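The values are calculated or read from the model by the stated rules, or taken from the named source; none is laboratory data. Because the structure is predicted, anything quoted here is derived from the model rather than measured. Virtual Cβ from ideal backbone geometry, glycine too; neighbours counted across all protein chains shown.
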Ligand SMILES: *Cc1c(COP(=O)(O)O)cnc(C)c1O
């Protein structure tokens, strides 16, 4: 029956121990996420740590992540969109939920109705929110985002000067947080970091008693000048390396395993997969694994400039050969003991030493894009156990 239930769960979310009715499953270690949260918070003992759970918790499930972090003491969460805020609020009545996209036009009712806190970043946006406050006849909670070098969201320089000079521009708002965002925090020696920290310190000083927030994951590692009152990490909670170099200070969170659907023999000279790009130099045994680019294993991890990526089968490396298909990947298992690879054997595609940063480097991207690209059809199986 457990099997049938897990088929019926349209959102693919599973409790630990439940069996997946899919050939590929994503194990998500909530224990590792909490451990990573503590590592990040430990960088700044005098600050509080929020958690960024946008894009459904970087693809891992915002509600499950937020619940685990609340149990560890986290009280503030950041999402990108009002819809993400609504989904989180439906499960979590208590914490502060900040919407980084702000007062998205057309979504005002959702923001007010769910008690979300929009992160406002322009004078017209403030004016629109003030009109809502007037109509509601009460102060409305808001965060203010001041741009200090990103040029993406947030009050620009002229608006910042104007707002600091005339606090009347913020009438009707209950300011809960002032924030800015670092552009180059993963590169500690970059000159822009200190410039942004100095500019933001001046802004934060103009709002005494209001918590200030600057540091994303990488910013947590830049020292006390970057910590302010509230840390705002995302990627490092989920195991991604927050810095461009050095050892990863956080532990892996996800393991992607998939079932071998078929083992076949193929002769020297034959080719494998679409485009017949891989030529077999010897008689080979091939294992076809039920996982593909629709699950987030990108075609681009196969490239001519790097050694072949591999799956782990009973801890042994099996090179992936030929193009990755939508639902299937072929591994060369010729060098593995025949009895160890059969229909139904499990192959590890992420985890046990294969990191999201490894896959990102192969694919020419960043771990954020690997995590958020993990397929919606992968059941997420939550566990407290750590991922190797
Ligand atoms: C995504 C985001 C974060 C988290 O960044 P990480 O690099 O994932 O830690 C923090 N603040 C803002 C404004 C963001 O958009």
Practice task
Give the number of residues within region 244-261 that are modelled with pLDDT of 95 or more, surrounded by fewer than 22 Cβ atoms within 10 Å (Cβ to Cβ) and within 14 Å of the ligand (Cβ to nearest atom).
Solution key: 2
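Given the criterion touching a strand residue (DSSP E or B) at 6+ places or on another chain (Cβ under 9 Å) and farther than 26 Å from residue 248 by Cβ, identify the matching residue among 171, 158, 204, 165. Before the answer, list the steps.
On the way: 171 fails: touching a strand residue (DSSP E or B) at 6+ places or on another chain (Cβ under 9 Å); 158 fails: touching a strand residue (DSSP E or B) at 6+ places or on another chain (Cβ under 9 Å); 165 fails: touching a strand residue (DSSP E or B) at 6+ places or on another chain (Cβ under 9 Å).
From the options 171, 158, 204, 165, the qualifying one is 204.
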Practice task
Would you be able to say whether some residue in region 161-168 is more than 13 Å from the ligand (Cβ to nearest atom) and under 26 Å from the mean Cα position of the chain (by Cα)?
Solution key: no
Exercise for the section: List the number of the failed condition for residue 118; all other conditions in (1) within 16 Å of the ligand (Cβ to nearest atom); (2) part of a helix (DSSP H, G or I) hold. Expected result: (2)
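Looking only at region 68-86, filter to residues that are closer than 16 Å to residue 233 by Cα and assigned to a helix (DSSP H, G or I); which one of those is nearest to the ligand (Cβ to nearest atom)?
Keep residues of region 68-86 that are closer than 16 Å to residue 233 by Cα, which gives 68-70, 72-80.
From the residues that got through so far, the ones that are assigned to a helix (DSSP H, G or I) too are 68-70.
Numbers: 68: 17, 69: 14, 70: 18 Å.
Out of the qualifying residues, it is 69.
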Problem - In region 46-67, the residues that are surrounded by fewer than 18 Cβ atoms within 10 Å (Cβ to Cβ) and in a strand (DSSP E or B) - result: 48
Exercise for the section: Taking residue 141 as the residue in question, decide whether it is modelled with pLDDT of 95 or more, more than 16 Å from the ligand (Cβ to nearest atom), out of contact with any strand residue (DSSP E or B) (no Cβ under 7 Å at 6 or more places or on another chain) and not in a helix (DSSP H, G or I). Expected result: no
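Residues 52, 34, 63, 39: which one is closer than 16 Å to residue 372 by Cβ and either more than 16 Å from the ligand (Cβ to nearest atom) or modelled with pLDDT of 95 or more (or both)? Reasoning before the result, please.
Working: 34 fails: closer than 16 Å to residue 372 by Cβ; 63 fails: closer than 16 Å to residue 372 by Cβ; 39 fails: closer than 16 Å to residue 372 by Cβ.
After applying the criteria, what remains is 52.
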Exercise for the section: Return the total of residues in region 197-218 being within 19 Å of residue 120 (Cα to Cα) and within 24 Å of the chain's Cα centre (by Cα). Expected result: 5
Completion exercise
Checked 234, 219, 239 against criteria (within 16 Å of the ligand (Cβ to nearest atom), touching a helix residue (DSSP H, G or I) at 6+ places or on another chain (Cβ under 9 Å) and at positive phi); the one match is 239
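Would you be able to say whether some residue in region 207-215 is within 12 Å of the ligand (Cβ to nearest atom) and free of Cβ contacts under 8 Å to residues at least 40 places away in the same chain?
Let us first name the residues in region 207-215 that are within 12 Å of the ligand (Cβ to nearest atom), namely 213-215.
Still in the running and free of Cβ contacts under 8 Å to residues at least 40 places away in the same chain: 214.
Yes: one or more hits.
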Problem - Pairs where the first residue, in region 165-188, is in contact (Cβ under 8 Å) with a residue 40 or more places away in the chain and within 18 Å of residue 47 (Cα to Cα) and the second is away from the ligand (no atom under 14 Å from the Cβ) and assigned to a strand (DSSP E or B), C-beta under 9 Å, 6+ apart - result: 176/96; 176/141; 176/142; 177/96; 177/142
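Confirm whether residue 146 is under 17 Å from residue 58 (Cβ atoms), buried (at least 23 other Cβ atoms within 10 Å of the Cβ) and within 16 Å of the ligand (Cβ to nearest atom). Can you show your working first?
Values: under 17 Å from residue 58 (Cβ atoms): no; buried (at least 23 other Cβ atoms within 10 Å of the Cβ): yes; within 16 Å of the ligand (Cβ to nearest atom): yes.
When the stated conditions are applied, residue 146 does not pass them.
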Handout entry: Condition broken by residue 269, with the remaining ones in (1) within 16 Å of the ligand (Cβ to nearest atom); (2) out of contact with any helix residue (DSSP H, G or I) (no Cβ under 7 Å at 6 or more places or on another chain) satisfied
Key = (1)
